[in-house]
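Peer 1: Below are the structure tokens for one structure; questions will follow.
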Amino acid sequence: MKLKLNDINGEASEWAYGFKATSRSLKPVHLAQVIFGHTVGHVHSPENLFKFAEKPSKTPSEDLPEEIREQFEFDRREIDEQLDRFRQTVRKVLGNDNALYATQRGSAPTCTSDWFLIDSTAGVNAGRFLYHLIKESDSDLEEKLTAQLTDHHDSISVLFRPLVKDAEQESATVKEWQGPDVDDPLSDDKIATNFVEGFETLSTHLKERTSGAVNYPRDLRRVVKFSGFALYTYMANRHNEIREDGNERENLVPQLFNYTHEKDNPVAHASLECYDTVSTEVQATSRLGVEAELDKRGLRDTTEYSEDKILQKIEDHELLDLNRNSDSKLENDYDTFRYLFEGDPADDVFDRMVNTVTDAIHQSRYKTYTPVDTIQTYGWRMGLLKPRGNRANERRFSPDPELLEPILLSVMKPGEQISLQDLCNRLRRKYGIIVGGTENDRDHLDQWDIAVGASTIESDPLSNRNYEAFKQAVIELGFAREYADGVTIVTTEQQ
Amino acid sequence: MATEYTQVDKTFLAELSRGGFAESLTPNQRRQIHIDTKLDEFLKAALEDGKQVILTGNPGDGKTQHILMSKDEYPEGDYYYLPDASEYADYGELLKEWDEKYQNGTAGILAINDGPLYEMVTTYSDEYEFLNVVQEQLENQIIYDNDEVPEIDCSEIVVVDLNNRNVLTPSIVTKAIRKLASEFATQGHNHTGHCHIEYNAKKLQDERIQENIVDFLTELGNNDRHVTVRDLLNFLGYILTAGIDECQTDFGDELKYYNLAFDGVGTVFDLARERFHSPQLVHPFVDSRLWAEAEKEIKFSDREDANEVVDPLFNEKKRRFLFEDNLMDIGYESRSLYQDVEYKFINHRNGRSNEGSKEQVLKMLNGYFLPSQSVRSKLQLWLSHRYRSRSSLALVSRTSVPKRDFEILRPKLHPQIEDAIGYTPAHTALEYSNSDKPVMLQITRALYRSLYTLDANIPYTLRSRDTEQQILEFMEEVEYHETYSEESGTISVKDTENGRVETIDVSNEVYRR
């Protein structure tokens, strides 16, 4: 049986995480769609909405079905021009998440209510995992989300009401998250349990229905942003949870939030190292997954997969199932694979094969999109990493205030008052977030071989400048007050 | 042990400019350094009434000084004084002592920084009931002007939070200048000719210069940052002495007060430098005139170097002009430099007409989204909804809230302590009054400035996301409390990239223009 690298890539991901994290196009709105669809249990097929939202340059308004055109009581003489202009502007509302495509399939309009939930195909498994965490939480989060999503008072729902209200409603494809093969991530105080608790606490901050309506889409955004952070952090910590080589670290993978707003200082450098550590850890997770998958496929059998036989299969182009039309490209693919295999230093042939396949799927030539790419791309799309954009290759942890807010709300109960140091300790212990506010920060980083180097112009920029700027960020969110003698108290609003 | 100062002269003044002192002064020096404010009268009256006054705030706010001053007239023993709460490693011990005095009805003054005081009230209020009174007062130091005044029990304990005191008021600054420039700076000289301290002291005694310094510092006091009495005294001590107590009889411009005012280390200096370099202190005529004079005085070989060479002299001239405008006589007053957008905020904050201020704020908020409109009678609410980290491509609006549902609130001191200190609010608030819980948008100087400067029509996509976020969060909160039809409405969509706005009526499942 030939090995399909892309399948191994996906299955290794499922083995380790419980979902395929191998999608280039995963965006926050995809997760929103899945989580919300599972929450309310239904989706819509708003055909008319999608026809209307197509670019007028692709489908001119004169070509729209008559039933849509009839909904616009515009001056008949200019209806096409007016409609074109109107659609040009209004489609941007649905496309605010940059996931509105020409067809409904794979498209994900932004959603303020269930009217915009469609049977989305992207991010389904990861979304299910996040929904599972919500369901596991001892909270009324689902009820609150349902109340919000089935309310149609918000301006976006009213704007599109004529086009979506009567769209066919169907049951969402709700499936239980199956979890990974390797273990139960919700056991033994693993990081996913911190997110279950996090959703629980976050839920207590969300709005209740008032005077018949619960028009507060910001709460939807809070849940989605926190979900994105949960996904990122879960994946970053998976390797340390499942490795059994005796090198497990006691602390979570550090995410040093760089509040210095600079790129060239010890804090920024350490933050970059944290980003690289996440990549290394996620890649190492894939390796464990590849190992399990190759084992399943019988590659430990040395009678069939001895070194010589593997080389022979490479020679005969029988080892890999490569989707290539051109012979020269196929040849190059096999050559590369052979170099990787021959160059790998492992003694054991199976280990060499595992390393080779892992290295291969992390090479762009085999057109595999790995969990490393998925999560780091998602990281900037959701506002955890900066700079944004496809071209940047050096990113640091620098969360948007809109992301920091739900993270804070997930560790503090309404009305609770704690010192900023306590908050920093919670963030570090629960999520691995480091800002310079606790005396354990350096030890935590040390454990992951990350050092905050010396600065030539200031002493300890981590616990001074970075911590101060983080404090300001919390103050600006309206959560903290600074007192004399270095006491800063963080409070969240009593609901 | 800290040096105990016995002299009251220029040496002391130089020390003063270098920082902390209160505990090491002799009673005589304390009296001399003391600047009378309304707090003195307030404390006297409270002690006469048998109350305990808690002075809280930051180090340098003058808490200990007030205790030391009071002891003369109200002796320790008969009265209870706590000069420094942070000396107690264990607040339990302190509170036991305090409780005893409180139960005995011993009047007194307690200086407790706000951090420790917060810790005491949050940790020990179950044990000591009087801490609940303290907490209640702490939470109600500042109230809004249209609120029903919250009842606080000040019959036995009064809390005054000096964080709220504006030290840079004309009265305090004038008294401080007079005291330092005339009483201290002129003593202890034994040389011929004039030294830098005498020079500066003489200048600061000039009525016009004094007025200008007061104007300048009062202007700085409008800033949001907290300035303590110690900061003010440091500043004045430094501009008189440069921190050098040895008389410099042969001195250059660098030791003159108007240069020193922008040269030292401390909060007031930081504010002064920020103000000096802010675009708001640019005046086309004053600046060009001073620049021309600087150019005339300085020789430069290459025109291209002009900026580099002339700039320092121009700065020096401008610094001097701030305080010696009449001596320089260039046809303008230094005050004319302050007429700018900052004053718009100050007028808004101090405005008598709530209705006018409210309309102005509503107009600015509406103009943020629709620059061509100037609607004052209602606030149009906008929604930006996206899950990704990026500014919005489009904003949507369907709701307007009439102005009667909003109030402009101005913070002020609770009437029970308004006689204790002077207070300058750093913000006003636009309150949506149609909900059980207050929904407020704080109109700070920064927000006001960014809204006001939008008159220059900054394209939407180039604006600060922080400002947008602040406004949109407020609007979303208001919209949560408003109930409108979910079937119909007039909806506007703004394309943030090209500024185009489409407005449409939705009703009976049909769109109409």
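The values are calculated or read from the model by the stated rules, or taken from the named source; none is laboratory data. Quantities reported herein were computed from a predicted structural model and do not represent experimental measurements. We place every Cβ from the backbone using ideal geometry, glycine too, and count neighbours over all the protein chains shown.
Peer 1: Can you name every residue in the stretch B:267-288 that is surrounded by 14 or more Cβ atoms within 10 Å (Cβ to Cβ) and either hydrophobic (A, V, I, L, M, F, W, C) or modelled with pLDDT of 90 or more (or both)?
Peer 2: B:THR267, B:VAL268, B:PHE269, B:ASP270, B:LEU271, B:ALA272, B:ARG273, B:PHE276, B:LEU281, B:VAL286
Peer 1: When the residues of the stretch B:187-205 are narrowed to those that are touching a residue at least 24 places away in the same chain (Cβ under 8 Å) and in a loop (DSSP other than H, G, I, E, B), which ends up nearest to B:GLU254 (Cα to Cα)?
Peer 2: B:CYS195
Peer 1: One residue is enough: does the stretch A:146-162 have a residue meeting the conditions modelled with pLDDT of 95 or more, part of a helix (DSSP H, G or I), more than 14 Å from chain B (Cβ to nearest Cβ) and touching a helix residue (DSSP H, G or I) at 6+ places or on another chain (Cβ under 8 Å)?
Peer 2: Checking the stretch A:146-162: at least one residue is modelled with pLDDT of 95 or more, part of a helix (DSSP H, G or I), more than 14 Å from chain B (Cβ to nearest Cβ) and touching a helix residue (DSSP H, G or I) at 6+ places or on another chain (Cβ under 8 Å).
Peer 1: Let me ask you something else. Please count how many residues of the stretch A:55-105 are in contact (Cβ under 8 Å) with a residue 40 or more places away in the chain and within 21 Å of B:TYR387 (Cα to Cα).
Peer 2: Total meeting the criteria: 11.
Peer 1: While we're on this one: Pairs, please: C-beta under 7 Å, at least 6 apart or cross-chain, first residue under 16 Å from A:GLN71 (Cβ atoms) and in the stretch B:489-513, second assigned to a loop (DSSP other than H, G, I, E, B)?
Peer 2: Pairs found: B:ILE504/B:ARG513; B:VAL506/B:SER488; B:SER507/B:SER488; B:GLU509/A:GLN71; B:GLU509/A:LYS165; B:VAL510/A:GLN71; B:TYR511/A:GLN71; B:ARG513/A:PHE74.
Peer 1: Next question. Which residues, counting only those in the stretch B:102-132, are within 14 Å of chain A (Cβ to nearest Cβ) and either farther than 19 Å from B:LEU47 by Cα or of a type in the set (D, E, K, R) (or both)?
Peer 2: Of everything in the stretch B:102-132, those that are within 14 Å of chain A (Cβ to nearest Cβ) and either farther than 19 Å from B:LEU47 by Cα or of a type in the set (D, E, K, R) (or both) turn out to be B:ASN113, B:ASP114, B:GLY115, B:PRO116, B:LEU117, B:TYR118, B:GLU119, B:MET120, B:VAL121, B:THR122, B:THR123, B:SER125.
Peer 1: Then there's this: Suppose we filter the stretch B:1-32 for residues that are at pLDDT 65 or above, assigned to a helix (DSSP H, G or I) and over 16 Å from B:GLY243 (Cα atoms); how many remain?
Peer 2: Final tally of qualifying residues: 7.
Peer 1: Being farther than 25 Å from B:ASP72 by Cβ and touching a strand residue (DSSP E or B) at 6+ places or on another chain (Cβ under 8 Å) is the filter here; which residues of the stretch B:82-140 pass it?
Peer 2: Residues satisfying the conditions are B:ASP114, B:LEU117, B:TYR118, B:MET120, B:THR122, B:PHE130, B:VAL133, B:VAL134, B:GLN137, B:LEU138.
Peer 1: In the stretch A:240-255, what residues are under 23 Å from A:ALA268 (Cβ atoms), in a loop (DSSP other than H, G, I, E, B) and polar (S, T, N, Q)?
Peer 2: Listed by number, the list holds a single entry, A:ASN251.
Peer 1: Select the helices (runs of 4 or more DSSP H) contained entirely in the stretch B:75-170, then report the ones holding at least 2 residues which are aromatic (Phe, Trp, Tyr) and either in contact with a His (Cβ under 8 Å, 6 or more places away or on another chain) or over 26 Å from B:ARG225 (Cβ atoms) (or both).
Peer 2: Hits in the stretch B:75-170: B:91-104.
Peer 1: Could you list all residues from the stretch B:171-186 that are β-branched (Val, Ile, Thr) and either within 23 Å of the chain's Cα centre (by Cα) or in a strand (DSSP E or B) (or both)?
Peer 2: Within the stretch B:171-186, B:ILE172, B:VAL173, B:THR174, B:ILE177 qualify.
Peer 1: So which residues in the stretch B:298-344 are under 25 Å from B:PHE269 (Cβ atoms), of a type in the set (Phe, Trp, Tyr) and at pLDDT below 80, if there are any at all?
Peer 2: B:TYR338, B:TYR343
Peer 1: A:THR110 is checked against (1) at negative phi; (2) more than 11 Å from chain B (Cβ to nearest Cβ); (3) in contact with a helix residue (DSSP H, G or I) (Cβ under 6 Å, 6 or more places away or on another chain) and fails just one. What number does that condition carry?
Peer 2: Result: A:THR110 passes all but (2).
Peer 1: Out of everything in the stretch B:384-404 that is in a strand (DSSP E or B) and surrounded by fewer than 23 Cβ atoms within 10 Å (Cβ to Cβ), what residue ends up being farthest from the other protein chains (Cβ to nearest Cβ)?
Peer 2: B:PRO402
Peer 1: Also, I was wondering about something else. Exactly one condition in (1) in a helix (DSSP H, G or I); (2) farther than 30 Å from B:ALA261 by Cα is not met by B:ASP311; state its number.
Peer 2: Exception for B:ASP311: condition (2).
Peer 1: Between A:ALA32, A:ALA21, A:ALA12, which is in contact (Cβ under 8 Å) with a residue 40 or more places away in the chain, within 12 Å of another protein chain (Cβ to nearest Cβ) and either surrounded by 21 or more Cβ atoms within 10 Å (Cβ to Cβ) or in contact with a helix residue (DSSP H, G or I) (Cβ under 9 Å, 6 or more places away or on another chain) (or both)?
Peer 2: Exactly one of A:ALA32, A:ALA21, A:ALA12 is in contact (Cβ under 8 Å) with a residue 40 or more places away in the chain, within 12 Å of another protein chain (Cβ to nearest Cβ) and either surrounded by 21 or more Cβ atoms within 10 Å (Cβ to Cβ) or in contact with a helix residue (DSSP H, G or I) (Cβ under 9 Å, 6 or more places away or on another chain) (or both), namely A:ALA32.
Peer 1: Going by the structure shown, is A:LEU445 within 27 Å of B:SER392 (Cβ to Cβ) and more than 14 Å from chain B (Cβ to nearest Cβ)?
Peer 2: Spelling it out, it is not the case that A:LEU445 is within 27 Å of B:SER392 (Cβ to Cβ) and more than 14 Å from chain B (Cβ to nearest Cβ).
Peer 1: Now a separate question. Which condition number does A:LEU330 fail, the rest of (1) under 24 Å from A:LYS20 (Cβ atoms); (2) modelled with pLDDT under 95; (3) in a helix (DSSP H, G or I); (4) not basic (Lys, Arg) being met?
Peer 2: Unmet for A:LEU330, out of (1) under 24 Å from A:LYS20 (Cβ atoms); (2) modelled with pLDDT under 95; (3) in a helix (DSSP H, G or I); (4) not basic (Lys, Arg): (1).
Peer 1: Something else now. Could you tell me whether any residue of the stretch A:371-384 is charged (D, E, K, R), more than 14 Å from chain B (Cβ to nearest Cβ), out of contact with any helix residue (DSSP H, G or I) (no Cβ under 7 Å at 6 or more places or on another chain) and over 18 Å from A:PHE470 (Cβ atoms)?
Peer 2: Checking the stretch A:371-384: at least one residue is charged (D, E, K, R), more than 14 Å from chain B (Cβ to nearest Cβ), out of contact with any helix residue (DSSP H, G or I) (no Cβ under 7 Å at 6 or more places or on another chain) and over 18 Å from A:PHE470 (Cβ atoms).
Peer 1: Pull out all pairs, ordered by first then second residue, where Cβ-Cβ is under 8 Å, the residues are six or more apart or on different chains, the first lies in the stretch A:282-307 and is among the charged types (D, E, K, R), and the second is surrounded by fewer than 15 Cβ atoms within 10 Å (Cβ to Cβ).
Peer 2: A:ARG297/A:MET1; A:GLU304/A:GLY298
Peer 1: From the set of residues in the stretch B:464-483 that are in a loop (DSSP other than H, G, I, E, B) and surrounded by fewer than 16 Cβ atoms within 10 Å (Cβ to Cβ), which is nearest to the other protein chains (Cβ to nearest Cβ)?
Peer 2: Applying the filter and picking the extreme gives B:THR483.
Peer 1: Can you pull out the residues in the stretch A:3-50 that are among the charged types (D, E, K, R) and in a helix (DSSP H, G or I)?
Peer 2: Once the filter is applied, which keeps residues that are among the charged types (D, E, K, R) and in a helix (DSSP H, G or I), the stretch A:3-50 yields A:ASP7, A:GLU11, A:GLU14, A:GLU47.
Peer 1: Can you run down the residue pairs with Cβ atoms below 6 Å, 6 or more apart or on separate chains, where the first is in the stretch A:466-495 and at the interface with chain B (Cβ under 10 Å from one of its Cβ atoms) and surrounded by fewer than 17 Cβ atoms within 10 Å (Cβ to Cβ) and the partner is in a strand (DSSP E or B) and not polar (S, T, N, Q)?
Peer 2: Matching pairs, first to second residue: A:ARG481/A:ILE489.
Peer 1: I'd like the residue in the stretch A:54-89 that is in a helix (DSSP H, G or I) and more than 12 Å from chain B (Cβ to nearest Cβ) and, out of all such residues, is surrounded by the most Cβ atoms within 10 Å (Cβ to Cβ).
Peer 2: Of everything passing the filter in the stretch A:54-89, A:SER61 is surrounded by the most Cβ atoms within 10 Å (Cβ to Cβ).
For (1) within 14 Å of another protein chain (Cβ to nearest Cβ); (2) farther than 18 Å from A:HIS444 by Cβ; (3) among the aromatic types (Phe, Trp, Tyr); (4) crowded, with 18+ Cβ neighbours inside 10 Å, each residue gets a yes or a no:
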| site | (1), (2), (3), (4) |
| --- | --- |
| A:VAL182 | no, yes, no, yes |
| A:ALA192 | no, yes, no, yes |
| A:PHE226 | yes, yes, yes, yes |
| A:LEU231 | yes, yes, no, yes |
| A:ARG249 | no, no, no, no |
| A:PRO266 | no, no, no, yes |
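Peer 1: What do you reckon, is B:GLY221 closer than 23 Å to B:ASP114 by Cα and either of a type in the set (Gly, Ala, Ser) or touching a residue at least 60 places away in the same chain (Cβ under 8 Å) (or both)?
Peer 2: Criteria met by B:GLY221.
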